[in-house]
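Just below is one structure, and these are the notes that go with it.
The values are calculated or read from the model by the stated rules, or taken from the named source; none is laboratory data. Worth saying up front: this structure is predicted, and the values here are computed from it rather than measured. Counting neighbours? That spans all protein chains shown, and the Cβs are built from the backbone with ideal geometry, glycine included. Only protein heavy atoms, including side chains, enter the accessible area calculation; ligands, DNA and RNA are left aside. Shrake-Rupley method; radii C 1.70, N 1.55, O 1.52, S 1.80 Å.
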Amino acid sequence: MVIGLCRSFRDRALDRCYHCFPCLSDPARRSSLVLKVTLVMLHLVYVGILFLFDSDLIDKTKKEPWYTALYLLLFFATLVQYFITSGSSPGYVLDAMRAVNETNVICKKSSMAKTASSKNGSLPVEGCQSGRNFQGTDSTSWTKLVMDMYPPGTSIRSCICPYCNVEQPPRAKHCYDCDKCVLHFDHHCVWLGTCIGQGNHCKFWWYICEESALCLWTGILYITYLRANISRAWWNDAIAILLLIPLSIFIVFLLLLLFFHSYLILTNQTTYELVRRRRIPYLRGIPERVYPFSKGVCHNLYDFCCGGSNIYSLEPLPSAQELEEKSRPYTCLDVLTCRCC
């Protein structure tokens, strides 16, 4: 009887909670929210313990407030960048298809208006400009747009996602966690609760860069505190030591992740393409040291940093002639003419 009443009270409480906070009713969103809260709490614990025990840091704050102000600014900037990245879209194939279809409708209306104005003898209306975001294909359909990016003779069945039932452009992949196809799929980040793709890879890089800097700075502050109190018994600083051990592991992991993604950016690759290179059909016959989508270091950096204005830009597969050119080893003349850039 008592157990039944407790269960009934619990179910009513959960229903009321889910009604007030709909995001908690979805298990995936609930786990993502728990991860976000956990990460924020970890940041607050590390910084809070530091300011709670380190009296030298408090004294330094009074003498040099700019030092602590910069540290706290990096702390809040990292958290803000985390939420910006986790809330950003990686660039879904379905959204890109809708954008192309809307562009087609606008272009058709513009073409009809242009024809009508020409018949009336008025000045012609300029052609549709919104198609520039899709490699200048203006009013082509999504299927033709995608198939033009593959070599001639490619079967359309091999390009259709069996889960989303849409044509996948090159470098797109279906994410089983998000249950959507992602453009330039890199990986699904559990800590962010979202995919990393064309639309948010740049934001993700800036986040791990800021997180690495924050963890390094925090580690230095912890080591400085322990060195200043090295004459005391170690158990007096047990909390700081226990926190420093996982922090050191986080620092190594974050730095490796930062260097890895920097390498991917410079060579215009994704994590999925690098790890699953032999299983991806359009990469199987290409040597490992050849980067088929690379346009040179400078162009890759420019596209990565300045190409975020359109998260639906599509990239065709390189031709056999382009692959042969990229597989050619560099010479001194190539270096002087900046072929690598």
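Across region 52-64, what is the total count of residues that are more than 13 Å from residue 222 (Cβ to Cβ) and outside any helix (DSSP H, G or I)? So that I can check it myself, show each step before the final result.
Residues of region 52-64 more than 13 Å from residue 222 (Cβ to Cβ): 55, 58-64.
Next, only the ones that are outside any helix (DSSP H, G or I) stay: 64.
Total satisfying the criteria: 1.
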- [ ] Return a yes/no flag: does region 74-93 have any residue that is modelled with pLDDT of 90 or more, among the small types (Gly, Ala, Ser), assigned to a helix (DSSP H, G or I) and under 30 Å from residue 195 (Cα atoms).
- [x] yes
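When region 284-318 is examined, which residues are found to be hydroxyl-bearing (Ser, Thr, Tyr) and either surrounded by 12 or more Cβ atoms within 10 Å (Cβ to Cβ) or at pLDDT 85 or above (or both)?
Initially, region 284-318 is screened for residues hydroxyl-bearing (Ser, Thr, Tyr), giving 291, 294, 302, 309, 312-313.
Result: 291, 294, 302, 312, 313.
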Open item on the list: I want to confirm something. Restricting to region 224-268 and keeping residues that are open to solvent by less than 40 Å² (accessible area, probe 1.4 Å) and not in a helix (DSSP H, G or I), which single residue is farthest from residue 305 (Cα to Cα)?
Closed with: 233
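Filter region 65-111 down to residues that are of a type in the set (Phe, Trp, Tyr) and under 29 Å from residue 219 (Cα atoms) and give me whichever is most open to solvent (accessible area, probe 1.4 Å). Steps first, please.
If we filter region 65-111 for residues that are of a type in the set (Phe, Trp, Tyr), which is where we start, we get 66-67, 71, 75-76, 82-83, 92.
Subset that is under 29 Å from residue 219 (Cα atoms): 66-67, 71, 75-76, 82-83.
Values: 66: 149, 67: 43, 71: 3, 75: 8, 76: 120, 82: 1, 83: 99 Å².
Checked region 65-111; the qualifying residue most open to solvent (accessible area, probe 1.4 Å) is 66.
For region 155-164, does any single residue satisfy the condition of being polar (S, T, N, Q), at pLDDT below 90 and not in a helix (DSSP H, G or I)?
Taking region 155-164 as the starting set, the residues that turn out to be polar (S, T, N, Q) are 155, 158.
Now restrict to residues that are at pLDDT below 90: 155, 158.
With not in a helix (DSSP H, G or I) added as a condition, the list becomes 155.
Yes, because at least one residue in region 155-164 is polar (S, T, N, Q), at pLDDT below 90 and not in a helix (DSSP H, G or I).
Going by the structure shown, is residue 49 β-branched (Val, Ile, Thr), in a helix (DSSP H, G or I) and at pLDDT 90 or above?
Working: β-branched (Val, Ile, Thr): yes; in a helix (DSSP H, G or I): yes; at pLDDT 90 or above: yes.
So residue 49 passes the test.
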TODO: Among the residues of region 269-283, write down those that are surrounded by 13 or more Cβ atoms within 10 Å (Cβ to Cβ) and β-branched (Val, Ile, Thr).
DONE: 270, 271, 280
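Can you tell me how many residues in region 174-218 are open to solvent by 30 Å² or more (accessible area, probe 1.4 Å) and touching a Leu at 6+ places or on another chain (Cβ under 9 Å)? Before you say what the answer is, go through the steps one by one.
Pass one, region 174-218, residues open to solvent by 30 Å² or more (accessible area, probe 1.4 Å): 176-180, 184, 187-188, 190-191, 193, 198, 202-203, 205-206, 209-210, 213, 216-217.
If we keep only those that are touching a Leu at 6+ places or on another chain (Cβ under 9 Å) too, we end up with 180, 190-191, 193, 198, 205, 209-210, 213, 216-217.
Total satisfying the criteria: 11.
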